[in-house]
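Peer 1: Can you read through this structure? Questions will come right after.
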Number of protein chains: 2
Amino acid sequence: MAQEITLSLADAEALSRRVLLNNGFNPAHAAAITRSVVAAQRDECHSHGLYRLIGCAQTAQYRGIDPDAEPAVIDQAPSVVKVDANRGSSLLAFEKGLPRLVEKARRNGIAVLGINNSFHFSALWQEVEALSEQGLAGIAMTPSHAYVAPAGGKSPLFGTNPFAFSWPRPGKAPYTFDFATSVVARGEIELHKRAGEALPEGWAIDKDGNPTTDPHAALDGALLPFGGYKGSALSTMIELLAGPLIGDLLGHETRAATPDGQGKPFHGELIIAFSPETFLGDDTERQQRHAEALFEGIVDQGARLPSQRRFAARERSRAAGVTIPQALHDELEALATPA
Amino acid sequence: MAQEITLSLADAEALSRRVLLNNGFNPAHAAAITRSVVAAQRDECHSHGLYRLIGCAQTAQYRGIDPDAEPAVIDQAPSVVKVDANRGSSLLAFEKGLPRLVEKARRNGIAVLGINNSFHFSALWQEVEALSEQGLAGIAMTPSHAYVAPAGGKSPLFGTNPFAFSWPRPGKAPYTFDFATSVVARGEIELHKRAGEALPEGWAIDKDGNPTTDPHAALDGALLPFGGYKGSALSTMIELLAGPLIGDLLGHETRAATPDGQGKPFHGELIIAFSPETFLGDDTERQQRHAEALFEGIVDQGARLPSQRRFAARERSRAAGVTIPQALHDELEALATPA
C-alpha cells in the first residue's frame, strides 16, 4: 500500500501557500487558490485538491498565468458585473467580483458575473456554494479545452464544459450539483489507458468519428457529450454564454492561449445569481420549505441528492484532517522549497 | 392512406380562432393560443400544433382553465417581471410580460419573467425564439405532470421538465434547442403501447423501480431522466427555479390542480433573457461573428444544429400551407361549431 500522510486543514493551507508563494504567486492569489484547493481536498475531490498545485506551479513556470495579476472589477450594467482577470487565476477574480454580484442579485432579483481572461482550474461547485452561503441560488458554467465532439460529429470542438447549480437550504448544506457535459472527464480515459483497460461503449469516438473502446484511439479522437444530442445542445449553450456573450473564447480556442499550448485552460466563466428573497418577499420562508418537499421526494424513494459524499467527506476532514499520498506531499514540499 | 387536407396558414389561424371562441376563450386568449398552435403546425411539430386545440377545449370544458382570465403583470424587481396568469393559458401571460422582460434585459443585461398560476400546453422554443427575434438570448424552463423518477429512484417525482435555449443570429434563424429532461416524451410510451412494441432499454422503470421494456409497466411506473444522474440534476434545477423560486408548484403537485385530475398541467414557468448588447457594447457585432465560428465548427464536421428540420418545415409551410389529417380537421370543425 502506498504511504500516506494526514495533514490538518491548517497545515494543508500552509503547505499550499508555501508552494504558491515559492512559484511567484502574490499573497492575494496564493490565498484565493489555497482556499479553493484546500476546500476540494477537504471534500475529497482529489483531482481538484492539493494535487492541482502542481499544475498551477507549471502554468506559472510556462508564464501561461500571471501570478501577480490584479483583477479589474467592471460595473457593466445594473445586473452585470465583469471581472477582467488580466491573465491571472479565475479564483481571485471570482472573489473580487462576488460582493458586487451578491449586491446586484439582491437588488435586482437576478445578476451575472462574467470573468474574462482567466486561467481556470477549479471546480465550479465552490462558486455556486459561495452564493448559497449568502442565501442565493446560483448557476456557473465555463468552457475548457476542446476534447468533446458534438453529437453526430467526429472531431473535438466543445470543452468538457462543466455546469453547476446550487440552491440554499437554511441550516443545511445546499443542494448542489456540478457535472461535466462530456460523458466522463478526459482524465478517466487517461486512467483506462494507464490501466490497459477498454473503455465502456458510448464514451468516445476515434479520429474518423467511429465509436471506440480503445483509450489510445479515444485520446486521438474525441469524447462524446453526455445524453446524446441533448447534452451536446447544453454544451453549445455553455460555449455561447460563457464565451461570446461575455466577449471571451470558445472551447476550441483555449488551447492556443499559452505560447506552447501547455498550461491550464485560459478562458471566461459565467455565473448567474438568483435572489429568492427578491423574487418572493414575504413568501420566501414558505417557499424554502416547499423546495424541501422535492428533496424529501428524492431521498424518500432511495435516490440520492448530489454532493452528499462530498459533504460527508467535509465533516470527516474538519474533524480529522486530509490524507494525501506521501509522494504527492514530497513533490509539494519540493515545489515549496526555494531552489 | 389516411385522407389529408391542406390549409393555408391564414385558414389554419381562422379555424383555430373559431374553435377557441366557440369554447369560451376570449378574443385575446384565442389570438395568443392561435399564434402558438399555428406556429407549431407551421414548423410541423404536430403534437403542439392544431391537434392541441382538442386538449385546450377539453381543459376549458373541465373548467380547469379560465378562458377569460386577465393576466396581471407585476413589476417585482428591477430585473424580475412576474405575470399572474390567473388560471388562464400561459401564452397570453407570456405575451403580456414580454415587452417588460425585453426592456429589463436591455437595461440591466439579464432579466427574468416568471409566469404563475398558468395552464401550460405549448412548446418552449416559441418563447425563446421570441426573445431572439429581439436580439436577445433566452432560456426557458417549466415543470409538468410528474412522470419521471429521479436517477436511482423508483417512482414518478419530476415532470418531463423541458429546457429551451435560443441565441440570436442576425439575418438567420436563431440557434434554438428545446428538449424534455426525460429520455423521451410520455407520448412515445403511449405510441409503443398502441403499436404493441417493446420499449428500448433505458427509457423507463416499472412500479417497483426495475428497468422495463413493457410500455404498460412503464406507464404504471416512471420514465427515466435523460443522461442518468446529470439529467436528473438538471430536472431538479428546473423544478426549483420554475417552482419555489417564483412561488409556484413542483411537478408532483401539478396533477391535483384541476378538480378531477384531468386537463392540462397547471404550474409556473421561468424565462431568462440575456442582452448581448448590454454585455458587450461596441464589441457586440464582433462577438456575434465569433459565435458563428462555433456553429460552423458543428456543421462542418457533419453534425447538425438543432431545430433545422423545424426551420425547413417553416419555409415549406409558408409557401404551401399546412397539411393535417382530414379526421383531425373534421373534429376541429365540430369543436368550432356552436352546439
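Readers should treat all values here as calculations from the given coordinates under stated rules, not as data from a laboratory. Everything numeric here is computed off the predicted structure, so don't read it as measured data. Here the Cβ positions follow ideal geometry from the backbone for every residue, glycine too, while neighbour counts run over all protein chains shown.
Peer 1: Calculate how many DSSP beta bridges within chain A are antiparallel, expressed in % of all such bridges and rounded to the nearest 5.
Peer 2: Within chain A, antiparallel bridges account for around 85 percent of the total.
Peer 1: Where the label is 7 Å out from Cα toward Cβ, how close does residue B:6 come to the same position in every other copy, in nm, shortest first?
Peer 2: For residue B:6, the inter-copy label distances come out at 7.9 nm.
Peer 1: In A, who owns the beta-carbon nearest the axis carrying A over to B, and how many Å from it?
Peer 2: Spelled out as residue then distance in Å, it is A:227, 1.
Peer 1: Let me ask something additional. Shielding of A:241-254 by partners, i.e. mean partner chain Cβ atoms within 10 Å per residue?
Peer 2: 5
Peer 1: Can I ask one more? Which of these, A:49, A:268, A:24, has the largest mean-square fluctuation under a Gaussian network model of chain A (Cα springs below 10 Å)?
Peer 2: A:24
Peer 1: Using +1 at the C-beta of Lys and Arg and -1 at the C-beta of Asp and Glu, which of A:33, A:81, A:121 has the Cα lying farthest in the positive direction of the dipole of segment A:1-143?
Peer 2: Ranked along the dipole, the leading option is A:81.
Peer 1: Connecting C-alpha atoms closer than 10 Å in a GNM of chain B, tell me which of B:216, B:145, B:252 has the biggest fluctuation.
Peer 2: B:216
Peer 1: Taking the dipole about the Cα centre of segment A:183-224, with the C-beta of Lys and Arg at +1 and of Asp and Glu at -1, give me whichever of A:200, A:210, A:187 is farthest to the positive side.
Peer 2: Towards the positive end, the residue furthest out is A:187.
Peer 1: Rounded to the nearest 20 debye, what is the charge dipole size of segment A:183-224 about its Cα centre when +1 sits on each Lys and Arg Cβ and -1 on each Asp and Glu Cβ?
Peer 2: Charge dipole, segment A:183-224, about its Cα centre: 140 debye, nearest 20.
Peer 1: Could you derive backbone 3J(HN,Hα) for segment B:197-202 from the dihedral phi with the Karplus parameters 6.51, -1.76 and 1.60 (θ = phi - 60°), listing whole Hz in sequence and x where the residue is Gly or Pro?
Peer 2: Listing the rounded values in order: 9, 6, 7, x, 4, x Hz.
Peer 1: Additional query: With unit charges on the beta carbons (Lys and Arg positive, Asp and Glu negative) and the dipole taken about the Cα centre of the protein assembly as shown, which residue among A:323, A:166, A:245 sits farthest to the positive side?
Peer 2: My answer, from the dipole projection, is A:245.
Peer 1: So, one more: So how strong a dipole does the protein assembly as shown carry about its Cα centre when Lys and Arg Cβ are +1 and Asp and Glu Cβ are -1, to the nearest 20 debye?
Peer 2: 480 debye
Peer 1: Per DSSP H run of at least 4 residues, take -39500 (n - 2.57); add these up for the protein assembly as shown, divide by its residues and hand me the 222 nm value, nearest 500 deg cm²/dmol.
Peer 2: Estimated from H runs of four or more residues: -13000 deg cm²/dmol.
Peer 1: In nm, one decimal, shortest first: how far is the label point of residue B:99 (7 Å from Cα along Cα to beta carbon) from the matching points in the other copies?
Peer 2: 4.1
Peer 1: Using a label position 7 Å from Cα in the Cα→Cβ direction, what is the ascending list of nm distances from residue A:200 to the same site in the other copies?
Peer 2: 1.7
Peer 1: I would also like to ask the following. At a 10 angstrom cut-off on C-beta neighbours, averaged per residue, how do the peptides B:169-178, A:282-291, A:120-129 rank from highest to lowest?
Peer 2: Highest to lowest by the protection proxy: A:120-129, B:169-178, A:282-291.
Peer 1: How shielded is A:31-37 by partner chains, expressed as the average number of their Cβ atoms within 10 Å of its Cβ atoms?
Peer 2: Average per residue, whole number: 0.
Peer 1: Restricting to the protein assembly as shown, what percent of DSSP beta bridges are antiparallel, rounded to 5?
Peer 2: Antiparallel bridges: around 85 percent, rounded to the nearest 5.
Peer 1: Sticking with this structure for a sec: Would any residue of segment B:1-29 have its amide N under 16 Å from a label point 7 Å out along Cα→Cβ of residue B:323? List them or say none.
Peer 2: Backbone N within reach: B:1-9.
Peer 1: Students often get this wrong, so check it: of A:154/A:230; A:82/A:104; A:104/B:104; A:230/B:230; B:82/B:230, which have C-alpha atoms separated by over 20 Å?
Peer 2: B:82/B:230
Peer 1: Ok, one more. Which of the peptides B:90-99, A:70-79 is most tightly packed, and how do the rest follow, judged by the mean count of other Cβ atoms within 10 Å per residue?
Peer 2: B:90-99, A:70-79
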